[in-house]
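The values are calculated or read from the model by the stated rules, or taken from the named source; none is laboratory data. Nothing here was measured: the structure is a model prediction, and the numbers come from that model. Every residue, glycine among them, receives a Cβ derived from its backbone with ideal geometry; neighbour counts consider all protein chains shown.
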Amino acid sequence: MIKFILVQNRQGKTRLSKWYSPYDDDEKVRLRGEVHRLIAPRDQKYQSNFVEFRNDKIVYRRYAGLFFCVCVDSNDNELAYLEAIHLFVEVLDAFFQNVCELDLVFSFYKVYAILDEVFLAGEIEETSKQVVLDRLDYLEKLE
Amino acid sequence: MSGHYNLKALIKAIRSCKTLADERAVIQKESAAVRTSFKEEDSFTRYNNIAKLLYIHMLGYPAHFGQIECLKLVASPRFADKRLGYLGIMLLLDENQEVLTLVTNSLKNDMNHSNMYAVGLALCTFANISSEEMSRDLANEIEKLLGSSNTYIRKKAALCALRIIRRVPDLMDHFITKAKMLIQDRNHGVLLAGITLITEMCEIDEKVCDEFRKATGYLVKHLKNLVTTGYSAEHDVLGITDPFLQVKILRLLRLLGRGDPASSEIMNDILAQVATNTDSTKNVGNSILYETVLTVLEIEADSGLRVMAINILGKFLSNRDNNIRYVALNTLNKVVSIDTNAVQRHRNTILDCLRDGDISIRRRALELSYALVNEGNVRVMIRELLSFLEVADNEFKLGMTTQICLAAERFAPNKRWQIDTVLRVLKLAGNYVREEILAAFIRLTCHTPELQFYTAQRLYAALSNDLSQESLTLAAVWIIGEFGDVLLQGGTIDDGEEVKQVTDTDLIDLLNLVLSSPYTNTLIRQFVLTALSKLSVRFKELSTPQQSHNQDRIAEILAGFSSNLELEIQQRAVEFSNLFGLNDVKLGVLERMPPPEIRATIMGTVSERKPVGSTRTDKDTVVDLIGDDLTSPTNGNLPSSSSGPSTQDLLADIFGGGSSDLGGGGITSPTIQQNGKSTSAAADIMSLFDSTPTPTAPSTSASRSPAISPGLSSGGGAGSLFDLVTPSNSTPQPVVQQQQIQPQPPKSNLQSYTAYEKNGLKITLTPKVAPTQPGLIQILARFQNTTGEIIGGVNFQVAVPKTQQLQMQAMSSSDISAGSTETQQMRIHAPAGAAIRLRMRISYNQSGQNVTDQQDFSGFPADLTGSK
């Protein structure tokens, strides 16, 4: 299962953090820092998208200036989580029509809503982009 | 004091801040404003305030005073309020906080809400943050919602159930029946969530697994549908239908098929189908193939399928994508212990990965390479690993040296190879060698008397070339000290290489150089001091030509350290200096150590697999930041930091071993060694005597044994007569020789045995055993020509049983002129207690006739090699 999801930019500013396991606040600050220091300097071309981290591993993918990182159990299928990250990004892209970092800043609460439609309780919840987008449209109309 | 107009205004204000201090000021002001506003209990501004507060929280500032306000927002009838309220709860609370109990009621209400989206919000919040207590309280609600007709709710409820059984496994029974229904669901989202739930159940409880085995058929059918149906717009990812669902099903199949041949049989076909039909050009396809491989390897699959799985991994290894190679190596690492042969086939590809650009791939390839070493391929593999060691990242070296040496110990085809391997490791990465490995190497050398000269010679040469490798220096210094005599005696190296004869002065020079080298450290100095002291004894035993001068040098060096600031060194220097004066005690204390007990080198598993980052959970952030930076380098420092106790052990060994022997053989041994006409010195004497016109019987044995040995006396009157003459011949010899003869013991154990006597050629063998090396027998063969004419082209060959080893030096001359004697030295290494049996073949030319003879000899006393 996913322990946490972090979206950070290259400077290490966290744009989204979702914790599926309980961590206290200091621990969260520490994890953000550690993950950033671990991921940011990695080579895009010559290194894999997986890093062992504590007793788990981090699967990450970089889109423009943003790192999407998920921390998963060490026996989980890394390749599948890499696809899952991409699915999430595709949904974001479709929802915001060409998503950029600023969308995540100004509409952070929407990003959380999208995340909750794709991942729940640390597992993938829905794999159909269309189902997620329809749902989000409807929720938007309700407000 | 009022805050910003709305969230957007706040975000803009914060973003326009130039410095962190400005940002902090803006946020503090805003937080204060929000706090004041909360006190007014205004339900219209609450939404706005919470939105702002959540943004502030996201930037890492405190926002916990908003928790209760979120609860109030959730209770609002407005959907937008509810949504933000639940978001706030998910962000500001977690399962460990007590405020959470206050949410239970709201959740319960909303789970029964008429609006399915409100129900969805409640389920979502529950699934993400529910505590154990909340799980118990709301389990019934979730169970009910699992049966909902709405797919959106069913899917979320399934994941809520997952959360419940993770927190309270006892509640699993509530959901088993419903979960079975989920397997048959047609909606992908529900099916996905349901399979995730069942997977978790099966992982928690093996018995539940049996329950779900009956559903294997359904899962296989689902998988078949996904694989065979063509394009489906809704769930297509790059031409593959719902890879996520496929992966989940494969994972559940793995649990169901594990240890159960019946259900494994049901899934065999579909697994083969997935393995062959999935497109492997993209990550999506590979994620499915990867999961398939894992499943095949874990269930009771037929062998064909297993081979197919390993071959998929083999194909992964040559994939250009780093990620694919990474998972392949990771998986092979898991498989290698189960199915080594299948993995062996991909050995070359794995070795290629040692040169990958990605360090984590190199690390895994290395790990896998260790596992692949066996008796059959040890030479090839170790050669590859050694060549990688030359270029390896420093962080790998410690593990590599350990693994290479352990593998060499386990699988070595012979001792020589093992010693060569360790020597190479010491040369290449002498600063990254564990103490245990060094100890094992020294143990090995002590137990391999036949290679002690070779090892000492190689270490001497290596150390002369490179003083910078700590472990090499330590090993060389120790071996030179302990086996200095062997080194000085000279010998041959099998491969016919030219061996440069080392002199005692060379050894002292080298050790002196080590002491003055910039790489030297306290430990090395301690080793050198001990080695020097041992050498002084070895020199004395050998009576080396320069010995008086060198003894002075040693004393001088020791004295130089007697005021060293390092306590341990000072103590050693002073103690050794004092010991230097006590001649009797010194010989006993510093005599050769008994070979340590042989045992396999044991150490904790050395793994390249280390978790990155700290695993600490304490709250001190500052300490942790420092701690993080320190964690990695400490690995490299291991050998030096742990070297403290070893030196003490070593000292204890030396003194402990010495003192116990003092009363017995300890004192006698050096004196007996005095008569050792050890090769170089003996050869000198021989040549001197040979040059004298009188045909001399070997002077040494005669002069040393007042009672003429039976072998010689039976050799005829001439022989014994000359024997008696020889002492007078030796009188005009230079002083050095006098010194040599002087300390001779009154009684000698040297005895000659006649091994061959025919056609006027008599061969006698004089065995000699040094008590310090009971397994090593030096034999001097003497060829006496008692005829009146020359015996030419003498060729003397000797064979020993397989358990023993033989080294022969060249004969002093292959032509024996009339009445003269020629000699030949040989050495036999035999296990203690073994009887020495020789098979000799001798050929020579006498008066134009070629004679070849073969003869066996076993006339040595049985206790020659010591008692068993």
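A few remarks follow.
- Tabulated pairs, segment B:141-159, first touching a residue at least 12 places away in the same chain (Cβ under 8 Å) and among the hydrophobic types (A, V, I, L, M, F, W, C), second assigned to a loop (DSSP other than H, G, I, E, B) and surrounded by fewer than 18 Cβ atoms within 10 Å (Cβ to Cβ), C-beta under 8 angstrom, 6+ apart or interchain: B:Ala157/B:Ser148
- Sole residue being buried (at least 21 other Cβ atoms within 10 Å of the Cβ) and either more than 9 Å from chain A (Cβ to nearest Cβ) or not charged (D, E, K, R) (or both), chosen from B:Leu238, B:Leu182: B:Leu182
- Only one of B:Leu171, B:Leu145, B:Leu138, B:Leu197 that is part of a helix (DSSP H, G or I), within 17 Å of A:Thr127 (Cβ to Cβ) and aliphatic (A, V, I, L, M): B:Leu197
- Failed condition for B:Asp552, given (1) farther than 16 Å from B:Gly481 by Cβ; (2) part of a helix (DSSP H, G or I); (3) touching a residue at least 60 places away in the same chain (Cβ under 8 Å); (4) of a type outside the set (Val, Ile, Thr): (3)
- Helices (runs of 4 or more DSSP H) contained in segment B:249-325 and holding at least 2 residues modelled with pLDDT under 90 and farther than 30 Å from B:Ser360 by Cα: B:303-317
- Within segment A:37-83, restricting attention to residues that are more than 28 Å from B:Leu255 (Cβ to Cβ) and among the basic types (Lys, Arg), the residue that is surrounded by the most Cβ atoms within 10 Å (Cβ to Cβ) is A:Arg61.
- Count - residues of segment A:8-41 that are assigned to a helix (DSSP H, G or I) and facing chain B (nearest Cβ under 9 Å): 13
- Counted residues, segment A:86-124 - those being farther than 24 Å from B:Ile56 by Cβ and of a type outside the set (A, V, I, L, M): 11
- Only one entry in B:Val220, B:Val190, B:Val208, B:Val227 is farther than 20 Å from B:Ile266 by Cβ and either more than 10 Å from chain A (Cβ to nearest Cβ) or not small (Gly, Ala, Ser) (or both), namely B:Val190.
- Candidate set: segment B:241-269, residues that are closer than 27 Å to A:Gln130 by Cβ and charged (D, E, K, R); chosen: the one surrounded by the fewest Cβ atoms within 10 Å (Cβ to Cβ): B:Arg251
- Highlighted here are the helices (runs of 4 or more DSSP H) found entirely within segment B:367-477 that include at least 3 residues which are basic (Lys, Arg) and under 26 Å from B:Leu488 (Cβ atoms): B:415-429.
- Hits in segment B:525-556 - residues which are surrounded by fewer than 18 Cβ atoms within 10 Å (Cβ to Cβ) and within 15 Å of B:Leu511 (Cα to Cα): B:Asp552, B:Ala555, B:Glu556
- Qualifying residue in segment B:71-80 (condition: within 14 Å of chain A (Cβ to nearest Cβ), surrounded by 14 or more Cβ atoms within 10 Å (Cβ to Cβ) and in a helix (DSSP H, G or I)): yes
- For segment B:97-110, a residue qualifies if it is in contact with a Ser or Thr (Cβ under 7 Å, 6 or more places away or on another chain) and within 13 Å of chain A (Cβ to nearest Cβ), and exactly one does: B:Leu100.
- Counting the residues of segment B:326-359 that are within 13 Å of chain A (Cβ to nearest Cβ) and not in a loop (DSSP other than H, G, I, E, B) gives 10.
- Count of residues meeting criterion [under 17 Å from B:Ala342 (Cα atoms) and surrounded by fewer than 24 Cβ atoms within 10 Å (Cβ to Cβ)] in segment B:280-304: 8
- Residues that are within 11 Å of another protein chain (Cβ to nearest Cβ), in contact (Cβ under 8 Å) with a residue 12 or more places away in the chain, surrounded by 15 or more Cβ atoms within 10 Å (Cβ to Cβ) and not hydroxyl-bearing (Ser, Thr, Tyr) within segment B:60-70 comprise just one, B:Ala63.
- Among the residues of segment A:87-143, those that are at the interface with chain B (Cβ under 9 Å from one of its Cβ atoms), assigned to a loop (DSSP other than H, G, I, E, B) and of a type in the set (Gly, Ala, Ser) comprise A:Ala121, A:Gly122, A:Ser128.
- Segment B:111-130: number of residues that are assigned to a helix (DSSP H, G or I) and more than 14 Å from chain A (Cβ to nearest Cβ): 1
- Leading residue by the ranking (farthest from the other protein chains (Cβ to nearest Cβ)) among those in segment B:261-286 that are touching an Asp or Glu at 6+ places or on another chain (Cβ under 6 Å) and touching a residue at least 40 places away in the same chain (Cβ under 8 Å): B:Gly285
- Residue selected from segment B:347-358 under the condition crowded, with 16+ Cβ neighbours inside 10 Å and under 30 Å from A:Ile39 (Cβ atoms), by the criterion modelled with the lowest pLDDT: B:Asp358
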